[in-house]
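Here is the structure we will look at, set down as C-alpha cells.
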Amino acid sequence: MIIAVVSQKGGVGKTSLVQNVGAELAASGHPTLLVDYDPQSNLTTGWGLDPDADRPTIYTAMLDPEQASGCIVSVRPQLDLIPSDLNLAGAELQFAGDFDRNGKLKAALKPIAERYRYILIDTPPSLGFFVSNALVAAQQVIIPLQAQFYALKALGPVFDIIKRAQGVNEVLHVYAIVPTMYDARNSLSDPVVQSARTQYPKLVTKTIIPVHVRIADAPIHGLPVREHQLSSSGAVAYHELTKELFGHGQ
Ligand code: ADP
Ligand code: MG
C-alpha cells in the first residue's frame with residue numbers, strides 16, 4: 001500500500017507522522033519504505049542522516065528508475081528510507097517539459113514497490129509538482145489536521161487536488177484525516193477536532209496526536225519517538241494511531 005502524507009500547510013506533523021508510523025509498522029514486522037519527498041529533507045535528518053552527504057536520493061531514482069534500489073538506506077530492521085537532498089528542488093524545472101512530469105515518482109518507485117507492505121511518502125507543504133507526483137504514485141492519502149483554528153479551511157484545496165489526481169489515478173482514496181498537535185490547554189483544539197468529525201465522520205481518526213515535547217525532541221536525536229521515550233504520551237499516541245489505521249502494531 002503506497003500512502004502519500006499531504007497538507008499544504010507546514011508544521012502540521014507530516015514528517016513526524018511518516019517517521020513515527022513508519023517506525024511502528026516496521027516494529028510490528030511489516031516491511032516498510034519511507035520516502036523523503038521534500039527538498040527540505042527533514043525526514044532524512046530525522047533519521048540522523050546528513051542530507052548534505054554525497055549519496056543517491058529520490059531525485060536520482062526519478063532521473064533513472066533503474067537506480068532506485070541503490071538509493072535505499074536501511075534505517076532499522078524492516079524499515080528503509082529513500083533520502084532527499086536540496087537537489088530535489090530542481091526536479092520541477094528538470095521535468096517541466098515532460099508530458100509525464102507528474103508520473104516521475106511513480107516510475108521511480110516501480111522497480112522496488114513490491115518489496116514493501118507499506119510505502120509512506122512525505123511531501124513538502126505545497127500542492128504543486130511534488131504533491132502531484134505523490135498523488136499519482138500513491139493509492140491512499142493521509143492528511144494531518146493541525147488542531148488549530150482555520151485548519152479545517154485548509155482541507156478544501158487538498159480535497160480539490162486529490163480529485164484532480166483521481167482523473168489519472170482512479171484508485172486514489174483518502175485513507176484518513178489525523179488530528180495532530182492537539183493541545184488540551186488550547187480551548188480551540190477541541191472544537192476544531194469536533195467539527196472535523198462532523199464534516200468527515202468516516203475519515204477522522206479516533207486517535208489524536210497530542211502536542212508533546214518528546215515528539216519534537218526525537219528527530220533532533222535522529223530517532224522516532226518510540227525509541228526516544230517509549231512510555232511517553234507521544235509514543236503511545238503513534239502506536240495507537242498505527243493500530244487504528246492498519247489494524248496492527250505490537
Ligand atoms: P510538517 O512535516 O508538516 O512540516 P513536522 O512533522 O516537521 O511538520 O512538525 C513540525 C515541527 O513540530 C517539527 O519540529 C516536529 O518535530 C514538531 N512536532 C511534530 N509533531 C509534534 C507534536 N505532536 N508535538 C510537538 N511537536 C511536534
Ligand atoms: Mg515536513
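Any read-out appearing in this document is the output of simple, stated calculations on the displayed coordinates, not a laboratory observation. None of the values given here were measured: they were computed from a predicted structure. Quick reminder, even Gly has a Cβ in these numbers, built from the backbone with ideal geometry, and neighbours come from all protein chains shown.
With K and R counted +1 and D and E -1, the other residues having a Cβ less than 12 Å from that of Cys71 yield a net charge of -4.
Charges were assigned to the Cβ only: +1 to each Lys and Arg, -1 to each Asp and Glu. The resulting dipole of region 87-126 about its Cα centre is roughly 200 debye.
Spin-label pair Phe159-Gln199: with each label point 7 Å from Cα along the Cα-Cβ axis, the two points sit 0.7 nm from one another. Using the Karplus relation 6.51 cos²θ - 1.76 cosθ + 1.60 with θ = phi - 60°, the per-residue 3J(HN,Hα) values for region 100-110 come to 9, 4, 8, x, 5, 5, 4, 5, 5, 8, 3 Hz, with x marking Gly and Pro. Taking trypsin sites (Lys or Arg not before Pro) in DSSP loop conformation with at most 14 other Cβ atoms inside 10 Å as exposed sites, the chain has its longest uninterrupted site-free stretch at 1-116. Summing Lys and Arg as +1 and Asp and Glu as -1 over all other residues whose Cβ lies under 10 Å from the Cβ of His30 gives a net charge of 0.
Toward the positive end of the charge dipole of region 74-141, about the Cα centre and with charges on Cβ (Lys, Arg +1; Asp, Glu -1), which of Leu127, Leu79, Ala91 goes farthest? Among Leu127, Leu79, Ala91, the one farthest towards the positive end of the dipole of region 74-141 is Leu79. The magnitude of the dipole of the chain, with charges of +1 and -1 set on the Cβ of Lys/Arg and Asp/Glu and taken from the Cα centre, is near 820 debye.
Using the Stokes-Einstein relation with a Kirkwood hydrodynamic radius computed over Cα pairs, the translational diffusion coefficient of the chain at 20 °C and a viscosity of 1.002 mPa s comes to 119 µm²/s. Under 5 Å from the amide H of Ile177 lie the amide H atoms of Ile143, Val204, Thr205, each residue being 5 or more positions distant or on a separate chain, with H modelled from the backbone and absent for Pro and chain starts.
Do the alpha carbons of any pairs in Lys106/Lys243; Lys104/Lys202; Lys104/Lys206; Lys9/Lys202; Lys110/Lys243 sit beyond 24 Å of each other, and which pairs?
Table pairs above 24 Å Cα-Cα are Lys106/Lys243; Lys104/Lys202; Lys104/Lys206; Lys110/Lys243.
Taking Lys and Arg as +1 and Asp and Glu as -1, the other residues whose beta-carbon sits under 12 Å from that of Gln139 total 0.
Most simply put, the chain has about 10% antiparallel DSSP beta bridges, counting only bridges with both residues inside it.
The charge dipole of region 46-148, taken about its Cα centre with unit charges on the Cβ of Lys, Arg, Asp and Glu (plus for the first two, minus for the last two), comes to roughly 400 debye. Highest mean packing comes first when the peptides 135-147, 38-50 are listed by Cβ atoms within 10 Å, giving 135-147, 38-50.
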